[in-house]
Amino acid sequence: MSSAAMLRSDLTPALRLVARTTAEDQTLQSSVPAQIEFRNVTKMYGLIAAVTELSLSVRRGEFLTILGPSGSGKTTALMMLAGFEAPTKGDILIAGKSVAAVPSYRRDQGIVFQNYALFPHLTVRRNLEFPLEMRGVKASGRASLIERMLRRVHLDAFGERMPSQLSGGQQQRVALARALIADPPILLLDEPLGALDRNLREQMQGEIKSLHREFGKTTICVTHDQEEALTLSDRIVVMRGGRIEQSDTPEALYDRPATRFVANFLGEANLLNNPQLGFKKSDSPGTVPMIRPERVRIAAKHAAPLPDQDQRQVVSGTVEEMIYAGPLRKYQVRVGDDLLIVREHVAFGQETFGPGDTVRLDWLRADIRLLSE
Ligand code: ADP
Ligand code: MG
């Protein structure tokens, strides 16, 4: 008997339905392009539409982030996928099959919630044992899996601790370990780093990235944190009011936002719809020209013109504020009624401007993006 077959014979009949062999995986891969698919999914709570007509496909092994402000429907979308909520309309498919009739405990997904949701009365080791027990892994086989996973998340010395005896970052690593230990093909993360302070958050972002590289789980992460989304994801879906606003790679979303909402939500945006900035409202109705702060150059008022000056828009303004942000300098520059943001890397010996200085700003016309309202 192969080891996969042995493992499967260990499982209860109900759980056997969700155990998959490598061969089955390969047939799924070739016949089904998306591992997860939302088809026109709507969720109503009374008269409130939490999610409206959501259609979305996630590839096997992809790290997809749903990004949006509070109340935009992110958690609702994830809870429907996990089987804790049912869609009012539409369907969700996993590996090509509707999961409408599949209860949450049979969906074979690892889940990490924002508030960790560890079992408070169980040790770390027992927390990790639980999913293995649920999957019907025999007691004799569990210990080595648990030890390996504890080492992997750098908690080998903490197996006998209770969750309350761990720091926030350690608890979150236990939650990740618990989600991964039974080897589910899908990992769902809801604001996984929301409760951690900044340094720890950055460290855990690295940890999540390396776990994804190593285990290759199809991952859906939900967050309102743009930096987290940009750092972790193969693809980002921006949600607004229960609908998808735009979906693309992090680079493309940042560089070519389609709407004003996306431009503002992912980073800072200078809107140029003002005659003194080269645009009139009537130039292109329904759209707003935008330039990212790092695409704007700042120079002394009478600095020599640049060789590509004819491809640039040039304005003059007055510095109101200069903020050091580590290796970056950020300026707020008043140009008539507008306050433009300029961000630049600080090079050694580079000229600095202060409040009250008159400066010249310029940017390439090719770097301007037209956003829809
Ligand atoms: P997010 O996770 O993006 O912050 P949610 O999915 O939690 O957003 O919520 C989306 C919308 O649905 C919000 O308006 C919220 O108030 C509403 N909502 C979520 N869950 C429920 C519920 N159980 N009952 C009623 N309304 C809900
Ligand atoms: Mg939420």
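At q = 0.13, 0.18 Å⁻¹, what log₁₀ I(q)/I(0) does a Debye calculation on the Cα points of the stretch 269-372 give, no solvent, two decimals? The Cα Debye sum returns log10 ratios of -0.46, -0.87. Shown here for the stretch 182-288: GluC sites (Glu not before Pro) in loop regions (DSSP other than H, G, I, E, B) with at most 15 other Cβ atoms within 10 Å, namely GLU268.
Of all the options ILE186, ILE48, ILE291, the one that moves most in a Gaussian network model of the chain with Cα springs shorter than 10 angstrom is ILE48.
Within the chain, what whole-number % of the accessible surface is contributed by carbon and sulfur, with the 1.4 Å probe and all protein chains included in the calculation? For the chain, the apolar C and S fraction of the accessible surface comes to 54 percent.
The separation of the stretch 46-88 from the stretch 125-155, counted between C-alpha centres, amounts to 30 Å. With respect to the chain, whose longest principal axis is taken over its alpha-carbon atoms, helix 22-31 is tilted by about 50°. Largest GNM mean-square fluctuation across ALA195, ALA86, ALA258, computed for the chain with C-alpha springs under 10 Å, falls on ALA195. Based on DSSP, what percent of beta bridges with both residues in the chain are antiparallel, to the nearest 5? Among the beta bridges of the chain, antiparallel pairing accounts for roughly 75 percent.
Before I look further, what does the chain give for accessible area per residue, probe 1.4 Å, in whole square angstrom?
Heavy-atom SASA per residue in the chain reads 49 Å².
Taking a ≥ b ≥ c as the square roots of the eigenvalues of the Cα gyration tensor of the stretch 245-284, is the shape rounded (a/c under 1.5), prolate (a/b larger than b/c) or oblate? It comes out prolate by the Cα gyration axes. Between helix 168-180 and the chain there is an angle of about 60 degrees, using the helix long axis and the longest principal axis of the Cα atoms. Just check the stretch 116-218 against the gyration tensor rule for me: Cα atoms, a ≥ b ≥ c as the square roots of the eigenvalues, rounded for a/c under 1.5, and otherwise prolate or oblate depending on whether a/b exceeds b/c. Cα axes put the stretch 116-218 in the oblate bin. Taking SER70, SER104, SER282 in turn, the Gaussian network model of the chain (Cα-Cα springs below 10 Å) assigns the largest fluctuation to SER282. Going by a ≥ b ≥ c, the root eigenvalues of the Cα gyration tensor, does the chain fall in the rounded group (a/c under 1.5), the prolate group (a/b larger than b/c) or the oblate group? Taking the square roots of the gyration eigenvalues as a ≥ b ≥ c, the chain is prolate.
Protection proxy ranking for 296-307, 121-132, using the average of other Cβ atoms within 10 Å per residue and placing the highest first: 121-132, 296-307. The mean sequence distance of close C-alpha pairs (under 8 Å, at least 6 residues apart), as a share of the length of the chain, puts its relative contact order at 16 percent.
Taking the longest Cα principal axis of the chain as reference, the axis of helix 124-134 is set at about 60 degrees.
The values are calculated or read from the model by the stated rules, or taken from the named source; none is laboratory data. This one's a predicted model, so the numbers in the text were calculated from it and none came from an experiment. With ideal geometry, Cβ positions are generated from the backbone for all residues, glycine too; neighbour counts draw on all protein chains shown. Note: areas computed on protein heavy atoms with side chains; ligands, DNA, RNA excluded. Shrake-Rupley method; radii C 1.70, N 1.55, O 1.52, S 1.80 Å.
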